[in-house]
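The values are calculated or read from the model by the stated rules, or taken from the named source; none is laboratory data. Owing to the predicted nature of the structure, the values given are computational and were not obtained by experimental measurement. Here the Cβ positions follow ideal geometry from the backbone for every residue, glycine too, while neighbour counts run over all protein chains shown. Note: accessible area is taken over every heavy atom of the protein model, side chains too, but ligands, DNA and RNA are not part of it. Shrake-Rupley method; radii C 1.70, N 1.55, O 1.52, S 1.80 Å.
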Amino acid sequence: MSTPGTPSFDQLRIFLAVVDAGSFAGAGRRLNRAVSVISYGIANLEAQLGLPLFEREGSRKPTLTTAGRALLAEARAIAQGIDGLRAKVKGLLDGLEAEVDLAVDVMLPAARLGRVLRAFAREYPTVSLRLHAEALGAVTALVLDRRAVVGLSGPLAAGVQGLDCMAAGSVPMVPVAAPDHPLGRMERIPPGAGRDHVQLVLTDRSRFTEGQDYSVMSARTWRLADLGAKHALLREGIGWGNMPLPMIEPDLVAGTLVRLAMPDHPGGTYRFAGIWRRDAPPGPAASWLLDQFVRLGAEDREEAGFTDL
């Protein structure tokens, strides 16, 4: 049983250049090598592997053998892996992060987040991303505890010692309920009516919200740490509550939720801020992320209102 040798990366590059260029001369031009060097490299690669990679008879154009075709995908994968490794090392040498931990508020519209992250993947293909989606003060806590280098937080980050922040847009918040909920069936909701029904309230376990309530008007509350669960319970008619408008617009169109015209609780604007630790400024990739959120936030044409959680 024969054991193949280990080809060099240069030999694999020559092999792929011949395949892609369609000739030894074309590979030489691509790699700025003499044709004799290309031929020698292919011969050495075949000797290392113990297999012929190109047909030697019947064609003036290099034609892959069955073995050559079988090994082509593996050779490309190795070459791409080496190229990716070199790109990542270059980025590290240039100060580019190997990985970015990003924390975002669950109120952030999914379309806005997706738009930024798609562009990030194109702009920084060698940088890994770890995404945390949290509610309220948990985003601030992740950044302060160094578990995220940057965050897109709600208004609770304002004024927190040790953090720097910049405005990054907002999202409208509206009170909603299921159409068969008592409030949902009212054409005109009298002031104070919300106090008589269960209010679904988003909460978290961070130290920044401990013992505090935001925009809670009912004495009867169900508290949830998951915005998706709150959304589902609202549609089930269990209570009423405030939701980011982009998230529930399809429900308003479909009639699975209705917007409540509450004179004493009309809704408002939930403001976002890009945040980072003052003593740990973000690197190039993380700074780019923040800049994108800020840019998209500046395009937000919603009129300013009050903060509503």
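Couple of notes before you dig in:
- The residue that is modelled with the highest pLDDT, among those in segment 150-163 that are open to solvent by 50 Å² or more (accessible area, probe 1.4 Å) and either farther than 21 Å from G267 by Cβ or of a type in the set (D, E, K, R) (or both), is Q161.
- Test set (1) modelled with pLDDT of 90 or more; (2) open to solvent by 50 Å² or more (accessible area, probe 1.4 Å); (3) under 30 Å from L290 (Cβ atoms) - A103 fails condition number: (2)
- For segment 126-141, the candidate set comprises residues that are without any contact (Cβ under 8 Å) to a residue 40 or more places away in the chain and of a type outside the set (K, R); within that set, the residue that is most open to solvent (accessible area, probe 1.4 Å) is L131.
- Boolean, D251 is part of a loop (DSSP other than H, G, I, E, B), out of contact with any Phe, Trp or Tyr (no Cβ under 6 Å at 6 or more places or on another chain) and of a type in the set (D, E): no
- Filter result for the condition that a residue is touching a Leu at 6+ places or on another chain (Cβ under 9 Å), of a type in the set (A, V, I, L, M, F, W, C) and at pLDDT below 85, over A27, A67, A79: A79
- Looking across segment 55-80, the residues that are open to solvent by less than 90 Å² (accessible area, probe 1.4 Å), in a helix (DSSP H, G or I) and either without any contact (Cβ under 8 Å) to a residue 24 or more places away in the chain or not basic (K, R) (or both) come down to A67, G68, A70, L71, L72, A73, A75, A77, I78, A79.
- Contacts under 7 angstrom Cβ, first residue in segment 285-296 being farther than 10 Å from Y124 by Cβ and open to solvent by 10 Å² or more (accessible area, probe 1.4 Å), partner of a type in the set (V, I, T) and assigned to a helix (DSSP H, G or I), 6 or more apart: Q292/V116; L296/V116
- Members of segment 16-36 found to be closer than 15 Å to T63 by Cα, more than 37 Å from the chain's Cα centre (by Cα) and of a type in the set (A, V, I, L, M, F, W, C), listed by number: V18, A21, F24, A25, A27
- Any chance R30 is surrounded by 14 or more Cβ atoms within 10 Å (Cβ to Cβ) and more than 29 Å from T3 (Cβ to Cβ): yes
- Residue check, P52 in contact with a strand residue (DSSP E or B) (Cβ under 8 Å, 6 or more places away or on another chain) and part of a loop (DSSP other than H, G, I, E, B): no
- Residue under evaluation N44, criteria (1) outside any helix (DSSP H, G or I); (2) open to solvent by 50 Å² or more (accessible area, probe 1.4 Å); (3) in contact with a helix residue (DSSP H, G or I) (Cβ under 7 Å, 6 or more places away or on another chain), criterion not met: (1)
- In the set (1) in contact (Cβ under 8 Å) with a residue 60 or more places away in the chain; (2) touching a Pro at 6+ places or on another chain (Cβ under 8 Å), the condition left unmet by A119 is number (2).
- Annotation: V89 fulfils all but one of (1) closer than 15 Å to L289 by Cα; (2) assigned to a helix (DSSP H, G or I); the unmet one is (1).
- Sole residue being open to solvent by 50 Å² or more (accessible area, probe 1.4 Å) and not aromatic (F, W, Y), chosen from R146, R112: R146
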